[in-house]
Amino acid sequence: MPITPEKIEQSEFRIHFEKPGEVTVLNGPCSGTRWKEKKIAMDGRHYKCAGKVILKNGTELFANLRIRTHTFDFLEKEAVYCQIGDTWYRPNEPEFLATLGITSDEAFPYTWMPDRPLDYHLPGPYPMDWYAEVKT
């Protein structure tokens, strides 16, 4: 379900999207603290951050990403949102591809990159699935 500005403004629809450069470390299911460090720590916690998704065809989209740092498949794909215009879409929604006017083969697999770097030995962008081939 795409998330429009009107849905965000509705009191019963509580969701927050990070602005460029913002990172939040999640403290609980509905709480977080603004992360002020220069890099996202590999400390076993969950983070919500601004960044980008780079589709297979090269299209770059501003995104909000959930990252878990206790595993090597960092990205929580079910919590990726890409902004197209003023609306937010999950890449797995049919409306995502329809709005972009592209096919699944043109979009996937994508790579992703947080605005603030991970404190990790590979600089990114990172593959949609960690176990996919990584270019070094």
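The values are calculated or read from the model by the stated rules, or taken from the named source; none is laboratory data. All values reported here derive from a predicted model rather than from experimental measurement. Here the Cβ is made from the backbone with ideal geometry for all residues, glycine too, and neighbour counts use every protein chain on show. For accessibility, only protein heavy atoms count, side chains too; no ligands or nucleic acids. Shrake-Rupley method; radii C 1.70, N 1.55, O 1.52, S 1.80 Å.
Out of G51, G58, report the one residue that is part of a loop (DSSP other than H, G, I, E, B) and of a type in the set (G, A, S).
G58
May I ask you to say which residue of T69, T33 is modelled with pLDDT of 90 or more, surrounded by 15 or more Cβ atoms within 10 Å (Cβ to Cβ) and within 16 Å of R116 (Cβ to Cβ)? So that I can check it myself, show each step before the final result.
On the way: T33 fails: surrounded by 15 or more Cβ atoms within 10 Å (Cβ to Cβ).
T69 is the lone residue from the list that is modelled with pLDDT of 90 or more, surrounded by 15 or more Cβ atoms within 10 Å (Cβ to Cβ) and within 16 Å of R116 (Cβ to Cβ).
Would you please list the contacts, defined by Cβ atoms under 6 Å and residues six or more apart or on different chains, that run from a residue in the stretch 21-43 that is free of Cβ contacts under 8 Å to residues at least 12 places away in the same chain to a residue that is surrounded by 13 or more Cβ atoms within 10 Å (Cβ to Cβ)?
Cβ pairs passing all conditions: T33/V25.
Being in contact (Cβ under 8 Å) with a residue 60 or more places away in the chain, over 17 Å from the mean Cα position of the chain (by Cα) and not in a loop (DSSP other than H, G, I, E, B) narrows it down to one residue among E6, E106, E95; which is it?
Criteria check complete, one pass: E95.
Of the residues A41, A63, which single one is surrounded by 19 or more Cβ atoms within 10 Å (Cβ to Cβ) and closer than 26 Å to Y120 by Cα?
On the way: A41 fails: surrounded by 19 or more Cβ atoms within 10 Å (Cβ to Cβ).
Answer to the check: A63.
Here are L75, L122: which of them is open to solvent by less than 30 Å² (accessible area, probe 1.4 Å), of a type in the set (A, V, I, L, M) and modelled with pLDDT under 95? Steps first, please.
On the way: L122 fails: open to solvent by less than 30 Å² (accessible area, probe 1.4 Å).
From the options L75, L122, the qualifying one is L75.
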